[in-house]
Amino acid sequence: MESKKKISVIIVNWNGWKDTLICLASLAKIRDINVSLQTIVVDNGSTNESVARIRKKFPNITLLETGKNLGFTGGNNVGIRHALAQGADFVWLLNNDTFVDKGVLSFLGAFDDSRVGVAGCKIYFAPGREFHHHRYKDTERGHVFWYAGGIVDWANMYASHRGVDAVDRGQYDKTEETAFVTGCSMIIRREVVEKIGMLDDNYYLYLEDLDYCLRAKKAGYKLLYEPSSVVWHVNAGSSARPGNPLHEYYFTRNRLLLGFRYAPLRTRFALLREAFRFTSPVRRKAVRDWVLGRFGNRFRYE
């Protein structure tokens, strides 16, 4: 008899215990006798009652405390190391501000092809949390795409989500290769981590998922979008929305970091021209830190 596949789902929490408890409650409803599912919460130095709240409600999960905020990359890397040490066949990075369908583990089907190294789910906005929530009928809420595959515009060095804001009418129901898998719900085969390593802590926050996918692809693995596996994203999160200085800093710096690693030469020149025209103090600091090789956690509110 074939042994059960061991999946470790890793959820990073930073002062977001309310979202995390909802996420954990949805995971607790999963019933799949063919899978051994371990839940790991990495508390990223929360300063509120997150640890106590999570421990009280879900005493049987693995709760790891970092003692400080290691960012998306560092927090997940703590969880990944623990998962691999416990013998996980797959690690599943899942945002804490999500909840999952009880049949979400169908994503394992994507890995029947041994060439597939990373897979992602169909992700909807949680009902009422759409960017343009007044646009939709009540019957459409909960079926509005947040992610249905990834698109990379190499000429301008932007990554975007296919289908975002569209109502699901079956248009993205095909399992297929994708340019990248979002870190909101990213499933990684153990062998990929063993071959290419962890998330790059230079990013700290934003674009680390795209970097990881590009590294996996360079190593010969396929990236797959699996629509039978469904997740809802509350889109609240512990990180700031676009336009906030935190987002502005990390996205600006990390876009340069990623672009100069992977983009065509013409795009790199365009990025440089754009970078040195910025007038925003936050973006100018981001460019300066990129030039000086200052990566990781470098943003401070002033």
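Bear in mind these aren't lab numbers, they're just calculated from the coordinates by the rules spelled out. Here the structure is a predicted model, which means the values were calculated and not measured. Quick reminder, even Gly has a Cβ in these numbers, built from the backbone with ideal geometry, and neighbours come from all protein chains shown.
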Margin query: Can you sort Y250, Y262 from fewest to most other Cβ atoms within 10 Å of each residue's own Cβ?
Written below: Y262, Y250
Checklist line | Crossing angle, helix 208-218 versus the chain [Cα axis fit, 0-90 degrees, rounded to tens] | finding: 80 degrees
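Once the piece of chain linking K137 and R277 is laid out straight, how much longer is it, given 0.36 nm per residue of separation minus the C-alpha distance between them? The partial results should precede the final answer.
Values: separation 140, 0.36 × 140 = 50.40 nm, distance 4.25 nm.
Between K137 and R277, full extension yields an extra 46.1 nm.
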Check: Spin-label point model (7 Å from Cα, Cβ direction): what's the A270 to N60 distance in nm?
Finding: 5.3 nm
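List I40, I61 from most exposed to least, where exposure is judged by having the fewest other Cβ atoms within 10 Å.
Taking fewest neighbouring Cβ atoms as first place, the list is I61, I40.
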Next item on the list: Any lysines with Cα under 22 Å of the K218 Cα? List them, leaving off those in the same chain fewer than 8 positions away.
Entry: K195
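Could you size up the charge dipole of the chain around its Cα centre, putting +1 on the beta carbon of Lys and Arg and -1 on that of Asp and Glu, and report it in debye to the nearest 20? If you can, show how the numbers build up before the last one.
Working: 44 positive and 32 negative charges, 150 e Å.
Magnitude of the dipole: close to 720 debye.
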Next item on the list: Calculate, for S228 and F251, the FRET efficiency according to 1/(1 + (r/R0)^6) with r their C-beta to C-beta distance and R0 35 Å; round to the nearest 0.05.
Entry: 0.65
Item checked: Within straight-line cross-link reach of K137, aspartates and glutamates at Cα separation under 15 Å, skipping those fewer than 8 residues along the same chain -> D165, D168
Note to self: Between A166 and K102, how high is the FRET efficiency from 1/(1 + (r/R0)^6) when r is the Cβ-Cβ distance and R₀ = 30 Å? Nearest 0.05.
What the structure shows: 0.75
Checklist line | Shape category assigned to the range 151-302 from the gyration tensor of Cα positions, a/c cut at 1.5 | finding: prolate
Margin query: I'd like the Karplus ³J(HN,Hα) series for the range 253-261: coefficients 6.51, -1.76, 1.60, θ = phi - 60°, whole numbers in Hz, and an x wherever there's a Gly or Pro.
Written below: 5, 6, 5, 5, 4, 5, x, 7, 8
Check: Going by the alpha-carbon gyration tensor, a ≥ b ≥ c the square roots of its eigenvalues, is the range 253-302 rounded (a/c under 1.5) or, if a/c is not under 1.5, prolate (a/b greater than b/c) versus oblate?
Finding: oblate
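Classify the range 5-233 as rounded, prolate or oblate, taking a ≥ b ≥ c as the square roots of the eigenvalues of its Cα gyration tensor: rounded when a/c is under 1.5, otherwise prolate if a/b is larger than b/c and oblate if not. Let's see the in-between values first.
Details: a/c = 1.37, a/b = 1.11, b/c = 1.23.
Cα axes put the range 5-233 in the rounded bin.
List R115, R129 from most exposed to least, where exposure is judged by having the fewest other Cβ atoms within 10 Å.
Exposure proxy ranking, most exposed first: R115, R129.
With an 8 Å cut-off on Cα pairs and a minimum separation of 6 or more residues, tell me the relative contact order of the range 5-106 in percent.
45 percent
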Notebook entry, point to check: Normalised by the residues of the chain, what does the relative contact order come to in percent, with Cα pairs under 8 Å and at least six apart?
Noted result: 20 percent
